[in-house]
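Single-structure report; data block below.
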Amino acid sequence: MRTMKRGFFLPLLLALFLPLQAMAIAFDVEQLADPAEEARARDLMRELRCLVCQNQSIEDSNATLAKDLRKIVRQRIEAGDSDAQVRQFLVDRYGEWVLMRPPFKPATLALWLGPVLLLAIGGVTLWFGIRRRKDPQQAPPLSAEEEARIAALNRDP
């Protein structure tokens with residue numbers, strides 16, 4: 001009985017404290033002195049992609065490179081750069097992949113218009129499919145010979 005309680009207590013304890021791991025958020029010790037500048041830096045960080053994680057912004061990522069990029073953003077803002085200048089500095093250094101929202105230009109046309117085109121093609125296909133179901137083709141009438149065969153099949157047990 002005593003070992004059963006101990007065997008039950010440890011998983012229960014782990015189940016209680018494991019969610020605390022999810023609450024561990026990346027928090028930078030270094031922050032800008034001016035709260036308005038820090039808010040501006042955080043807005044910029046949400047627009048920049050972590051090059052290691054790829055689907056996270058540098059604000060959300062715990063990767064070392066993301067921490068370095070956050071530091072660069074803060075340094076550039078402290079130096080007096082505008083948001084556009086900070087973005088351009090990082091694009092020059094890492095390429096347009098660093099932007100969470102790529103610019104609309106010929107090289108990125110497929111990124112912007114691809115989903116719309118796929119949705120339109122799917123809608124047209126669906127429309128034709130529904131239309132075809134509503135208007136089924138009529139089968140030609142049975143010949144006298146076919147009707148006689150059916151009647152004979154229905155008579156035989």
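The values are calculated or read from the model by the stated rules, or taken from the named source; none is laboratory data. Here the structure is a predicted model, which is why all the values come from computation and not from measurement. Note that each Cβ is placed from the backbone with ideal geometry, even for glycine, and that neighbours are counted across all protein chains shown.
Out of curiosity, is G114 in a loop (DSSP other than H, G, I, E, B), of a type outside the set (A, V, I, L, M, F, W, C) and either under 25 Å from the mean Cα position of the chain (by Cα) or modelled with pLDDT of 85 or more (or both)?
Answer is no for this residue.
Okay, residues lined up against (1) among the basic types (K, R); (2) in contact with a Phe, Trp or Tyr (Cβ under 6 Å, 6 or more places away or on another chain); (3) in contact (Cβ under 8 Å) with a residue 12 or more places away in the chain:
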position	(1), (2), (3)
R74	yes, no, yes
Q85	no, no, no
F89	no, no, yes
Y94	no, no, yes
W97	no, no, yes
M100	no, no, yes
K105	yes, no, no
L111	no, no, no
L117	no, no, no
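Where in the stretch 4-108 are there helices (runs of 4 or more DSSP H), lying wholly inside it, with at least 2 residues that are at pLDDT 80 or above and among the polar types (S, T, N, Q)?
64-78, 83-94
I want to confirm something. Restricting to the stretch 75-111 and keeping residues that are closer than 30 Å to P35 by Cα and of a type in the set (K, R), which single residue is farthest from the chain's Cα centre (by Cα)?
Selected residue: R76.
Is the stretch 141-157 home to any residue that is among the β-branched types (V, I, T) and not assigned by TED's automatic domain parsing to the domain that holds A36?
yes
Among the residues that make up the stretch 125-148, is at least one of them under 30 Å from M45 (Cβ atoms) and either of a type outside the set (D, E, K, R) or surrounded by 10 or more Cβ atoms within 10 Å (Cβ to Cβ) (or both)?
No; the residues of the stretch 125-148 include none that is under 30 Å from M45 (Cβ atoms) and either of a type outside the set (D, E, K, R) or surrounded by 10 or more Cβ atoms within 10 Å (Cβ to Cβ) (or both).
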